[in-house]
Amino acid sequence: MTQPAPWQGGARTVRSGGGSSSANLADILERVLDKGVVIAGDIKINLLDIELLTVKLRLLVASVDKAKEMGIDWWEHDPALSSAAQGRERDELAEENERLRERLALLEERRGGELEAGPADDDETEAGGGQQRTGAGRSRAGRGGGGR
Amino acid sequence: MSVDEGALARYVYAVARPFDPAPLAGLTGVGGHPVEAVAHRGLLAVVSPVPLREFDEAALKAKLEDLGWLERVARAHHAVVDAVMPLAAAVPLRLATVYRGEERVRAALDEDRAVFERALDRLSGRLEFGVKIYADPGSRGEPEPAPAAPAGAEPGESPGRAYLRRRREQRRRRDDSWQVAAALVERVDAALREWADAMARHRPQDAALSKAPGENVLNAAYLVAEDDAEGFLRTAARLRDEAPEGTRVEVSGPWAPYSFAGLDRAGEPA
């Protein structure tokens, strides 16, 4: 929801505006499932089930990946949600990748001159830190920097 | 008439003080069934028939796991509640409160009369607004350089050092964004509470579900008297327009006061 309806008016407009009718599903679910007056209906199961569902949705809202770890994956039948979940997974892989690169760079920096020559065929990693004193390392950095 | 007639249950959306139900004509609820009013001794339940087959214990258990079904029911529930709110003092019920027939709805109004009366006293003439704050470090200033690119190395600086420096700068920008967002949360909350009777925090929404960019750092609901709604929204609009770079304020509503309806259940059997 980008532009809620009631902005242009006073309380009266607000009241009849129905500004939340196109509200996003997450906003609606967190209200209708978890809030509102709770009384026992005739269908006895609903209290327990809705509480379980609420727990699941909370997990989903809190962390898709954590829910997955616990084997809760029912939303994956929904293509919109599952593609979003996959996107998130990719993001986390990229983050992890960055963290690993950073550690590698740090380790190589620490070892510095101790390294005689880095692994020759390891172009894609941050091997430059270990090879900085060799001509090969310098030329590699120069080549990569050409795109500046 | 048919065998199915007997298999219709009543789904209750909201309970209100008595009002003229004429404007409900034509309104449909869950499954497209017509919305009806059940008036009983000073209270009025807004209901619609639903097939018991779809809402009995076994069916409900299975259906609640079906996000498509859940979304349809949740939106229908919400739409009926929204339609009722301008007509009368009313409180929304939780999703899927179902009775076997109209007589059972009347009995429930009697049994839980105290709950409804208290909620109606507390909430009538009040609206709920949702306020979310997002921190979006990626949106600030210059784009973050790709960490793997050796570009940006200063003369004599090793690629490893350059990499670490860039990472430190990136992290500092990110930390700044968090601090700015945290300060904004306090400022927004303090300003909005001036107009609100109560505030409730919802769990921050995950981007996977809401698809909103940035990290949701505040997901709050404010209970606002109708007379204060204009001031509340004016203040919220100002805060939204003044939100620092890298942060975003979103306001939704008006909602029925869902987030405040169940708050005085303490001490009552569930």
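Descriptive notes on the structure:
- Criterion violated by B:L95 - all others in (1) within 23 Å of A:N24 (Cβ to Cβ); (2) modelled with pLDDT of 95 or more satisfied: (2)
- Residue within the stretch B:234-252 that is of a type outside the set (V, I, T), surrounded by fewer than 18 Cβ atoms within 10 Å (Cβ to Cβ) and assigned to a strand (DSSP E or B) present: no
- Among residues of the stretch B:225-264, those that are of a type in the set (S, T, Y) and at the interface with chain A (Cβ under 7 Å from one of its Cβ atoms), counted: 3
- In the condition set (1) in a helix (DSSP H, G or I); (2) among the basic types (K, R); (3) touching a Pro at 6+ places or on another chain (Cβ under 9 Å), B:R10 is compliant with all but (1).
- Verdict on B:D56 being of a type in the set (D, E, K, R) and under 23 Å from B:L127 (Cα atoms): no
- The residues of the stretch B:40-63 that are in a helix (DSSP H, G or I), in contact (Cβ under 8 Å) with a residue 24 or more places away in the chain and over 26 Å from the mean Cα position of the chain (by Cα), listed by number, are B:L52, B:R53.
- Selected residue (only one of B:A83, B:A25, B:A14 is among the aliphatic types (A, V, I, L, M) and surrounded by fewer than 19 Cβ atoms within 10 Å (Cβ to Cβ)): B:A25
- Yes/no for B:V115 being modelled with pLDDT of 90 or more and either surrounded by fewer than 23 Cβ atoms within 10 Å (Cβ to Cβ) or in a helix (DSSP H, G or I) (or both): yes
- Search result, residues across the stretch B:215-230 that are under 22 Å from B:A183 (Cα atoms) and hydrophobic (A, V, I, L, M, F, W, C): B:V217, B:L218, B:A220, B:A221
The values are calculated or read from the model by the stated rules, or taken from the named source; none is laboratory data. Because the structure is a prediction, the values reported are computed rather than measured. Backbone-built Cβ (ideal geometry, glycine too); neighbour counts: all protein chains shown.
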